[in-house]
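Read the structure below first, then the notes.
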Amino acid sequence: MTHILIHSLEHAFSDSLKILPFLFITYIFMEFLEKKAGEKTNLWLEKAGKAGPVVGGALGVIPQCGMSAVASNLYAGRIISVGTLLAIFLSTSDEMLPIMISKSVEPAVIAKILVVKVVIAISVGILVDFIYHILKKKEQVEIKIHDFCEHEHCHCEDGILKSAVRHTLQIFIFVLLITVVLNIGIEIIGEEQLADFILNKPILGPVLAGVIGLIPNCASSVVITQMFLDGLMSFGTMMAGLLVGAGVGILVLLRVNENKAENFKIMGILYLTGVLCGILFNVFS
């Protein structure tokens with residue numbers, strides 16, 4: 001067992017260290033994008049109106065600090081619709097994009113994943129808004145809008161370099177720990193057996209990935225992305241987890257939206273959408 005642990009640690013550290021400079025460069029770009037476009041993004045969302053799900057789905061895929069948290073905040077104040085909120089939750093990719101870029105995944109593969117997420121997000125958002133309108137579920141609640149990025153300790157108000165270093169180290173540690181766990185699992189169980197348990201289960205795989213996606217932080221997207229890149233998840237299973245994964249958005253929603261039953265309905269729609277889409281991808285791909 002000691003040999004397995006040492007061997008797993010050595011390989012995990014070696015593999016994780018290779019992506020460190022690429023992660024840093026990626027986060028420098030993301031922080032720059034956030035500083036330049038963050039305020040405009042919020043303004044576009046507030047003025048989107050009925051086109052909210054389209055705008056939300058398109059903007060959600062852009063890597064921005066706390067996008068899902070901001071969306072939860074805007075929804076709590078009824079600045080955006082429930083369909084727009086779900087579109088942002090479904091399209092946001094959290095740490096998937098920087099990890100794939102740092103691992104030199106083919107741009108065509110990354111683009112395919114992002115496009116699929118955006119199309120699903122917009123479609124579901126429009127459908128949910130239509131159903132809510134039919135059922136007259138709209139509510140007018142006056143809640144003061146705050147910036148929850150600071151509340152969630154994202155520290156996006158810091159300088160670009162400082163924020164990029166912080167995010168890089170956080171994700172590096174996440175990737176390192178998760179790689180260690182996966183390596184130990186592979187060593188003990190065996191790569192073929194572990195892949196067979198997740199990869200070759202067209203229904204169970206997306207169900208489990210959806211549960212992982214509900215974890216309200218970036219760890220879920222790190223786990224799912226890493227397992228997909230290691231060949232332990234099919235495309236459909238990965239999509240299930242990434243569609244459900246909304247980062248801290250769910251956690252912020254539970255804090256700021258007083259209607260708890262509504263919160264769980266939103267989470268239910270999010271989970272069912274991710275799992276059903278994942279199963280369909282597994283069956284027909």
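Here, each number is a calculation from the coordinates, and none is a lab measurement. Bear in mind that the values here come from a model prediction, so they are computed numbers and not experimental data. No Cβ is skipped: glycine too gets one built from the backbone with ideal geometry, and neighbour counts run over all protein chains shown.
Data overview
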| read-out | value |
| --- | --- |
| Table column - 3J(HN,Hα) (Hz), the range 262-277, Karplus curve with 6.51, -1.76, 1.60, x for Gly and Pro | 5, 4, 6, 5, 4, 4, x, 4, 4, 5, 5, 4, x, 5, 5, 5 |
| Distance in nm between pseudo-label sites at Leu214 and Leu272 (7 Å out along the Cβ direction from Cα) | 1.4 |
| Segment Thr2-Ile134, length gained on full extension (0.36 nm per residue, minus Cα span) | 41.4 nm |
| Cα gyration tensor of the range 85-128 - equivalent ellipsoid semi-axes, whole Å, descending | 23, 11, 4 |
| Rough spin-label spacing in nm, given labels placed 7 Å along Cα→Cβ, for Arg78 and Glu258 | 1.1 |
| Cross-link pairs beyond the 26 Å C-alpha cut-off, checked among Lys103/Lys162; Lys112/Lys201; Lys112/Lys162; Lys117/Lys265; Lys162/Lys260 | Lys112/Lys162; Lys162/Lys260 |
| For the range 224-239, 3J(HN,Hα) per residue [Karplus equation, 6.51 cos²θ - 1.76 cosθ + 1.60, θ = phi - 60°, Hz, x = Gly/Pro] | 5, 4, 5, 5, 5, 5, 7, x, 9, 9, 6, 4, x, 5, 4, 4 |
| Sum of side-chain charges, Leu97 neighbourhood, beta-carbon under 12 Å (Lys, Arg +1; Asp, Glu -1) | 0 |
